[in-house]
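Input: a single structure, listed below in structure tokens.
The values are calculated or read from the model by the stated rules, or taken from the named source; none is laboratory data. Note that the coordinates shown come from a computational prediction; the quantities given were computed from them, not determined experimentally. Using ideal geometry, Cβ is built from the backbone for each residue, glycine included, and neighbour counts are taken over all protein chains shown. Surface areas here come from the heavy atoms of the whole protein model, side chains and all, with no ligands, DNA or RNA. Shrake-Rupley method; radii C 1.70, N 1.55, O 1.52, S 1.80 Å.
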Amino acid sequence: MQDYRVNARSPSLPLELVNLLGLVETATIGHIEHLGFVGDNVRPVVPARAAGSAVTVAAPGRDGTIIYRAVDLLMPGDFLVIARVDRDDIACVGGGVATAVKAKGAHGIVIDGPCTDTDEIAAAGIPVWCRGVSAKTTNRAFQVGGSINVPIACGGAAVLPGYAVLADNEGVFVADVERMRQLAEAAIIRQERSSRVRSHLASGQSIFNFNPEANP
């Protein structure tokens, strides 16, 4: 018997945090944090960057119903984060899901599994991060259950409903809202310093002569 568990959604990210994350690179956070990175070769379908609030999905087998149930719950600014429970090669996101997610005003999709219909995903204009491409897909005729807004593991990262998601060409990073805010503020300071370091190196000077206290 199918078991669909659907929990209440978490609050959306504050707009000021979304705007702050628009200035932050995941690779900068990688210099100062070791947890929260979605790995397992999860990459963007097309170059993209986005930030939003996690709506989590635990999606087993070939059941496409759980994905569309999650889509119906999305609100503007959300990020659909999908854990492929069976770690298989079944694509649960294609052109139809991408179009529906875009229409809800969500900011992106992350899957620790493959997608399909890459041309349609690109045309839909919704950023998607996934682990490769597959012609084998989910179908709403296969109803085996699943869960929405539960703690999941996506690409080795723990993701709770309402976590802040930051995704760009280098990867995907997730954290609780306050931790993400702390890291974003620290990352912006580091990025400003890195910009000065690059200017220093571009002038032909040694990294060992760089003075971090000097005025920009």
*Could you please let me know if residue 38 is in contact (Cβ under 8 Å) with a residue 12 or more places away in the chain, open to solvent by 70 Å² or more (accessible area, probe 1.4 Å), within 22 Å of residue 59 (Cβ to Cβ) and not aromatic (Phe, Trp, Tyr)?*
no
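Return yes or no: is residue 82 part of a helix (DSSP H, G or I), open to solvent by less than 10 Å² (accessible area, probe 1.4 Å) and in contact with a strand residue (DSSP E or B) (Cβ under 7 Å, 6 or more places away or on another chain)? So that I can check it myself, show each step before the final result.
Working: part of a helix (DSSP H, G or I): no; open to solvent by less than 10 Å² (accessible area, probe 1.4 Å): yes; in contact with a strand residue (DSSP E or B) (Cβ under 7 Å, 6 or more places away or on another chain): yes.
So residue 82 fails the test.
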_Identity of the residue in segment 13-39, within 15 Å of the chain's Cα centre (by Cα) and in a loop (DSSP other than H, G, I, E, B), that ends up farthest from residue 186 (Cα to Cα)_ = 39
*asked:* Between a residue in segment 61-79 that is aromatic (Phe, Trp, Tyr) and any residue that is at pLDDT below 95 and open to solvent by 10 Å² or more (accessible area, probe 1.4 Å), which pairs come within a Cβ distance under 8 Å, given they are 6 or more apart or on different chains?
replied: 68/140
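Kindly indicate which of 136, 102 is touching a residue at least 12 places away in the same chain (Cβ under 8 Å), open to solvent by 70 Å² or more (accessible area, probe 1.4 Å), basic (Lys, Arg) and farther than 24 Å from residue 76 by Cβ. Write out each step before concluding.
Numbers: 102 fails: farther than 24 Å from residue 76 by Cβ.
Within the list 136, 102, the selection yields 136.
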*Can you name every residue in segment 51-69 that is over 21 Å from residue 122 (Cα atoms), outside any strand (DSSP E or B) and open to solvent by less than 10 Å² (accessible area, probe 1.4 Å)?*
66
*Kindly indicate which of 143, 205 is polar (S, T, N, Q), touching an Asp or Glu at 6+ places or on another chain (Cβ under 7 Å), open to solvent by 80 Å² or more (accessible area, probe 1.4 Å) and at pLDDT below 95.*
143
*Is it the case that segment 42-50 has a residue that's open to solvent by 10 Å² or more (accessible area, probe 1.4 Å) and closer than 19 Å to residue 176 by Cβ?*
yes
_Could you check segment 146-178 and list, in sequence order, the residues that are of a type in the set (D, E, K, R), open to solvent by 10 Å² or more (accessible area, probe 1.4 Å) and either closer than 20 Å to residue 92 by Cβ or not in a loop (DSSP other than H, G, I, E, B) (or both)?_
178
